[in-house]
1. Using r as the Cβ-Cβ distance of Gln521 and Asn329, and R0 as 22 Å, what FRET efficiency do you calculate, to the nearest 0.05?
2. Rounding to the nearest 10 and keeping the result within 0 to 90°, find how far the Cα-based axis of helix 512-525 lies from the longest principal axis of the chain.
3. With +1 on each Lys and Arg Cβ and -1 on each Asp and Glu Cβ, how big is the dipole of the chain about its Cα centre, in debye rounded to the nearest 20?
4. Tell me, what is the percent relative contact order of segment 552-625, built from C-alpha pairs under 8 Å that lie six or more residues apart?
5. Could you compute the net charge surrounding Leu354? Neighbours are other residues with a C-beta less than 12 Å from the C-beta of Leu354; K and R count +1, D and E count -1.
6. With θ set to phi - 60°, apply the Karplus curve 6.51 cos²θ - 1.76 cosθ + 1.60 along segment 594-609 and write out the HN-Hα couplings as whole Hz, x wherever there is a Gly or Pro.
7. Report, please, the projected area of segment 143-193 averaged over directions, based on the convex hull of its C-alpha atoms, in nm².
8. Determine the alpha carbon to alpha carbon distance for each of Lys40/Lys62; Lys558/Lys603; Lys307/Lys364; Lys14/Lys40 and list only those over 20 Å.
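Every number in this text was worked out from the coordinates using simple rules, so none of it is lab data. Since we're looking at a predicted model, the values are computed, not measured. Positions of Cβ are backbone-derived with ideal geometry, glycine not excepted, and every protein chain shown enters the neighbour counts.
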Amino acid sequence: MIQITAANLQRGEKSLLENASLRINTGHKIALIGANGAGKTTLFKLLMGELTVDQGDCHVPKAWTIAHMAQEHPETDAIAVDYVVDGDAELRSIEGQLQQAEALDDGPKMATAHAELERIDGYGAKNRAEKLLHGLGFANDVGERTVTSYSGGWRMRLNLARALMCRSDLLLLDEPTNHLDLDTIIWLQDWLKAYEGTLILISHDRDFIDAVANHIVALEQRQLTSYRGNYSAYECQKAERMAQQQAIFEKQQRRKKEIESFVARFRYKATKARQAQSRLKELQRMEDIAPAHADSPFHFRIPCYDKISSPLMNLDEVAVGYPSATVFNKLSFAIQPGQRIGLLGVNGAGKSTLIKTLVGELPKLGGEIISGEHTRVGYFAQQQLDALELEQSCFDHIRMLSPNAPEAEVRKFLGGFNFQGDRVFEAIEPFSGGEKTRLALALVVWQQPNLLILDEPTNHLDLEVRHALTVALQTFEGAVLLVSHDRHLLANTVDEYWLVADGAVAAFDGDLNDYSRWLKQRDLDATPTSKTTTPAVDKKQARQEAANRRALLAPLRKKQQQLEKEIEQLEQRLALIEGQLGEPSIYTEEPARAQELSAESGKLRVQLEEVEASWLEVLEQLEAAE
């Protein structure tokens, strides 16, 4: 058990903990959350014994083996798989003892060392390391390549594999998903769910936290507060503590109206049905969840350019890649106004290469890309941070785009991204990665695009900013093309998925759960010497199967239409009654009529809730069957 008691901790002039206490029971899986700079990484150093509290006590069992994911890029010429095996310190110690015994020809000590290796499955260590590396996306040459031959992101994966290799009692992971794509994130969460020790992780990926954590520890206002359950449960519990505040209630009502407006506009459109369903589910739990974020300093919207072209962008037999290697050949598709597309595909499939070609950062190798006359692209990628002028301020960056923009308007806009007061006029050089990412996003938003192309926009962003970005994208009226390993962002902001795989870009018929199953099947089908390929499909058979599926789904679709008609009728009747009840005179002139209408309104609301629940159930059945 880990016990922190009445702890004070200060770094420089900043106080991180003040009389803070926390108990973590053995075997708990903890997600440590808090704003950037609150002290989460410092708390890790405290648990590892690299720091001590200024006052109070921090107890971690001395017998525990602690593993952590190093944040520095390793600089070593060691073979990658050997570097990972080094994470098992006990194994390396026993191997050293065996070498000494063999040098001395000490039979009993050799026998003891061999018995110890057998006990810890030391003979299977290399195979265990190779499985970890395979799960984290490495090719089969890790037994030959050195650590320094890999790029920075892949070296961080090696650090993660090394931490997982350790047979630890306490595992500390700081942003383990930052350099991972969706398939490796799914693999990692499954691995961590099976981990038997105590886990504490720092992550800004709420779906990852929801899948792995069974407790949340929030580092807020220099205190450590523990919540039972995952991140979604934390939102509800935090909301309960805040729900009485009037300002929070008012912000919640505004968010409800945004969702109701979306559902009203798109509920009956086939292309938006899944999104409308997710919004309606969110609406049903808004009373509990919204207050948890209502005090967030991040509130912004993404205005859409008022002129539009159709299509916004058209590709005609476009070849994409580099002079030395073509990644895609003869791509033909169009991006239409209002489309909201999530690009799926493993690392290296070509998602970023495709996006760079669409925005003109990478020359096309052939074919034609035509942008509409009124197409205005808002593009965000991590390399956009390199284009920031470090000696300039946030205010200066906006003024470079709009020299005549009024100061008050610029300051109000930047305030939505939590750049407040004098901070607006400070040079951005000392800003954190998260702050620079927020500024880069703000510059995209300021330009009022009608086509947003976002490549991993949430890297370096904490949970509150991610929530604000999700809300802003939900209400954005333009088209969206999104690459992200943040499943919550994808699931709540896009309507369709395109799969980038095997040199092709094609519509993916399914959601993120289907994609997860596709990845696992692909991994099962993979062989050590060949790439996974999509098996050939007999077109006639496929058409017949599709026709059979449509026939099976016909009764459900009919029921869906009936329920939607019923919902529309109930809503119309309810609107009529509420209009009458909104007249003050009815309560003085016709009190009996007012009472009657009020009772009918209550019954209609209950009936509408029941019909909507049935409608959602039918939609879920359709999604499961499709």
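1. Between Gln521 and Asn329 the formula returns 0.30.
2. Helix 512-525 sits at roughly 40 degrees to that axis.
3. Value, rounded to 20: 1220 debye.
4. Across segment 552-625, relative contact order equals 54 percent.
5. +1
6. 4, 5, 5, 5, 4, 5, 5, 4, x, 5, 5, 5, 4, 5, 5, 4
7. Mean projected area for segment 143-193: 4.2 nm², to one decimal.
8. Lys40/Lys62; Lys558/Lys603; Lys307/Lys364
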